[in-house]
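Heads up: the structure comes next, in structure tokens.
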Amino acid sequence: MPQSRQIPKETGMDHSVALMSEGYLFIPNRCRRFQSDIFETRLLGGQKVICMSGAEAAEIFYDNQKFQRKGATPKAVQKTLFGVNAIQSMDGERHKHRKQLFMSLMTPDRIHALQNIAEEQWEYAIKEWLTMPEVNLFEEARQIMCRTACQWSGVPLRANELKQRSSDLAAMVDAFGAAGPRHFRGRQARKRSERWIKGIVEEVRAGVREPAEGTALYEFSWYRDLDGNLLDSHMAGVEILNILRPIVAIAYFIVFGAMALHSYPDTKDKLVEDDGTYHKMFVQEVRRFYPFAPFTGARVKNDFTWRNHQFTKGTLVLLDIYGTNHHNEIWDQPNRFMPERFKDWNGSPFNFIPQGGGEFEIGHRCAGEWVTIDLMQISMEVLTQKIEYQVPPQDFSIPMDRMPTIPMSRMLLTDVERKV
Ligand code: HEM
């Protein structure tokens, strides 16, 4: 029998401060130092945590026999980013049933409807940009995505609400790796947003509103769980926010995409000429290259051994998303921006995991991955084929110790003109 091997262990009582100061690089730095895709550390008040990186680690992590989500997400993240006891913390048949509902919103017809709405909303924004001395792309993209998400989901949004709702949805995302005021802002934003959506779900159930079938508002309002019960109106609202909030979060990738166009001008030339193929590769490379989701977590469900390492029931395990997308055994020159690399990508559900890995239906892989790719493609088409603009000098640095991160200047554009 092979001897069980010790997982390299970081000494010390707790490394949460290092996690906050190294951010996206916390796991990759230690993998390099230990020369290992797996190591043990202590986080969250001295709790033993195993960190893993790479395609093989992802394959193990997405095995439902080995891992569960119950108890994996800290309450601070549930109270800002996800919502308490929402789909991200569910397991087994109950998770599968809820996930089917999310995936049922992603039919080709519904995605086509979303594309049309997004194109219309971009047009509407461009008209305004033509008269603006300076466009803050991050701010604008959040609002475009917010209007798109609400319209697609059947959620009413008055013009005078747009600023508050889009900034609340963004604040929940902005809080995920934060302590202090940013975390507090995220909590307040979640409370306000949950009250708002809960009220709308109650109006639907009272017959005051009649959203179209197939919209998130309709489907979550009338969804029955495995026991045949409607979700309580608060939980229905929390899950609708699990559609609205991440669509608004696509603004991060839109800004990174615009930054790539600026930093690698040859890619912009290719996109201007492109009929679709290069757009897809470009969007994939933006999702791989730039930092957004740093890692995801689960707890060991039953004791098991992997590569002779012993995993004990209840241990928290973090899968390194950023590091896997930059792993030098998976990617040639991982720190170079090269959309063409996706020509030969093998399509594995475990080696390219910007929005999680594994299978959509039975695992926790992001329900909105196709939507993200489509909305990104539309955004890049707008920036390369519909308008011209100048990029004034600004601070493009991307702080790796901030989660989520964004270029310091948020991407400013000037002299926007429509292409003829
Ligand atoms: C903005 C870009 C996005 C990023 C970076 C992102 C990232 C992620 C990640 C890392 C996970 C967790 C994977 C795991 O724990 O295994 C996830 C889950 C999820 N995402 Fe996204 N996502 C994005 C956009 C979206 C969109 C547009 C939607 C909906 C329209 C969405 C809905 C969800 C849902 C419902 C889950 C939970 C799935 C489950 O627990 O089964 N996301 N996403």
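The values are calculated or read from the model by the stated rules, or taken from the named source; none is laboratory data. Predicted, not measured: the structure shown is a model, and the values here were computed from it. Glycine gets a Cβ as well: all are built from the backbone with ideal geometry, and neighbour counts include every protein chain shown. These accessible areas exclude ligands, DNA and RNA; they are computed on the full protein's heavy atoms, side chains included. Shrake-Rupley method; radii C 1.70, N 1.55, O 1.52, S 1.80 Å.
Starting from the stretch 7-27, take each residue that is on the phi < 0 side of the Ramachandran plot and list its partners that are among the polar types (S, T, N, Q) and open to solvent by 30 Å² or more (accessible area, probe 1.4 Å), counting only C-beta distances under 7 angstrom and pairs at least six apart or across chains.
GLU22/ASN29
Looking only at residues that are within 13 Å of the ligand (Cβ to nearest atom) and assigned to a loop (DSSP other than H, G, I, E, B) in the stretch 77-106, which one is surrounded by the fewest Cβ atoms within 10 Å (Cβ to Cβ)?
Ranking the candidates gives ASN85 first.
Only one residue in GLY368, GLY314, GLY297 is under 17 Å from the mean Cα position of the chain (by Cα) and over 23 Å from HIS112 (Cα atoms), so which one is that?
Only one candidate passes the filter, namely GLY297.
Suppose the filter is more than 14 Å from the ligand (Cβ to nearest atom), at negative phi and either at pLDDT 95 or above or open to solvent by less than 50 Å² (accessible area, probe 1.4 Å) (or both); does ALA293 pass it?
Judged against the criteria, ALA293 is not a match.
With the requirement that a residue be open to solvent by 50 Å² or more (accessible area, probe 1.4 Å) and in a helix (DSSP H, G or I), what does the stretch 11-40 give you?
VAL17, MET20, SER21, LEU25, ARG32, ARG33, PHE34, listed by residue number.
Which members of the stretch 107-136 meet the condition of being among the hydrophobic types (A, V, I, L, M, F, W, C) and part of a helix (DSSP H, G or I)?
Hits for the stretch 107-136 are ILE111, ALA113, LEU114, ILE117, ALA118, TRP122, ALA125, ILE126, TRP129.
Sort through ALA58, ALA72 and tell me the only one that's open to solvent by less than 50 Å² (accessible area, probe 1.4 Å), in a loop (DSSP other than H, G, I, E, B), closer than 30 Å to LYS9 by Cα and at pLDDT 95 or above.
When all the criteria are applied, what remains is ALA72.
Taking interchain pairs and intrachain pairs at least six residues apart, which have beta carbon atoms under 9 angstrom, with the first residue in the stretch 348-375 and without any contact (Cβ under 8 Å) to a residue 12 or more places away in the chain and the second near the ligand (Cβ under 8 Å from one of its atoms) and of a type outside the set (Lys, Arg)?
Note: no pairs meet the criteria.
Can you find a residue that is surrounded by fewer than 19 Cβ atoms within 10 Å (Cβ to Cβ), of a type in the set (Val, Ile, Thr) and in a loop (DSSP other than H, G, I, E, B) anywhere in the stretch 307-325?
yes
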